[in-house]
Each structure stands twice: as structure tokens, then as C-alpha cells.
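Notes to accompany the following structure.
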Amino acid sequence: MNWRKHAILAALVAVLFAAASVFGQAKTEVAKQEGSNVLLRFAKDGTVRAGCSQSLGVITQSMLQVEGVKNVKIDAKNNGVQVSYDPGKTTAEKIVAAFNKENPDTLLQPSDTKQGK
């Protein structure tokens with residue numbers, strides 16, 4: 001009877017390790033596909049100023065309308081916006097093109113500062 005308990009326990013431990021391995025890999029792959037961040041700067045210096053909340057709201061709402069954009073944070077220090085997006089749905093270049101098409105007086109330029117999550 002004692003050997004049966006050990007066999008059952010060993011089998012359960014093996015199943016738990018296998019499950020943990022599978023779920024650990026799945027979680028890593030999901031995290032890689034979750035999203036990316038990019039800093040997009042405005043072509044004209046001084047476009048982003050903390051005191052102009054109406055302009056900042058228009059910029060944020062315009063960015064959020066681009067498919068795949070998840071979050072937008074104004075970055076006044078760098079005269080731009082930090083954009084989180086789904087790389088499966090869009091790219092930084094598409095975000096810039098869509099924004100510039102809708103806002104020709106407030107042009108964005110792509111930045112080389114890309115960070116993956």
C-alpha cells in the first residue's frame with residue numbers, strides 16, 4: 001500500500017511540473033505579443049505644453065482613435081507622446097501617418113526610441 005501512495009504522489013508531481021511548464025511558456029508568449037511602446041515627437045518644438053489641456057486632450061483622443069493604440073501619455077519634457085500599441089494591429093509608422101493625416105498642423109515624426117514590453 002505504501003508503494004501505491006508513492007506512485008500516485010510521483011504521478012501527481014509529474015503532472016504538476018508538466019502543467020507548470022506549459023502554462024509558463026504560454027504566459028511568456030502572451031507577454032511578448034501584448035504590446036510595444038514608442039516615443040513619438042512632434043516636428044515643431046514647443047507643441048506640447050502642460051498648460052494647454054484642450055490641445056493635449058485633442059492630441060490624446062486623436063491618437064486613441066488609431067486602431068491598435070492602447071494608451072497615450074503626453075511627454076512634455078520630450079515634446080511628444082508615449083504610445084502603447086498592439087504590434088499585431090499597427091506599427092509606429094502607421095500611427096504617425098494616421099495622426100498626421102488627421103492633424104496636418106501638428107505633425108508627428110517617428111522616433112528611434114522603441115521599447116518592447
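The values are calculated or read from the model by the stated rules, or taken from the named source; none is laboratory data. The structure presented is a predicted model; accordingly, all values stated were derived computationally and were not measured. A quick note on method: Cβ atoms are made from the backbone with ideal geometry, for glycine too, and the neighbour counts reach across all protein chains shown. Surface areas here come from the heavy atoms of the whole protein model, side chains and all, with no ligands, DNA or RNA. Shrake-Rupley method; radii C 1.70, N 1.55, O 1.52, S 1.80 Å.
Which residue is farthest from the chain's Cα centre (by Cα), if the candidates are limited to region 46-80 and must be in a loop (DSSP other than H, G, I, E, B) and modelled with pLDDT of 85 or more?
Taking the candidates together, the pick is ASN79.
Any residue in region 71-88 that is open to solvent by less than 60 Å² (accessible area, probe 1.4 Å) sitting within a Cβ distance under 7 Å of a residue that is modelled with pLDDT under 90 and acidic (Asp, Glu)? List the pairs, counting only those 6 or more apart or interchain.
ASN79/ASP45; VAL81/ASP75; GLN82/ASP75
Say whether the condition of being modelled with pLDDT under 90 and in contact with a strand residue (DSSP E or B) (Cβ under 7 Å, 6 or more places away or on another chain) is met by at least one residue in region 85-98. Walk me through how you get there before you give the answer.
Restricting attention to region 85-98, the residues satisfying the condition of being modelled with pLDDT under 90 are none.
The answer is no, given that none of the residues of region 85-98 is modelled with pLDDT under 90 and in contact with a strand residue (DSSP E or B) (Cβ under 7 Å, 6 or more places away or on another chain).
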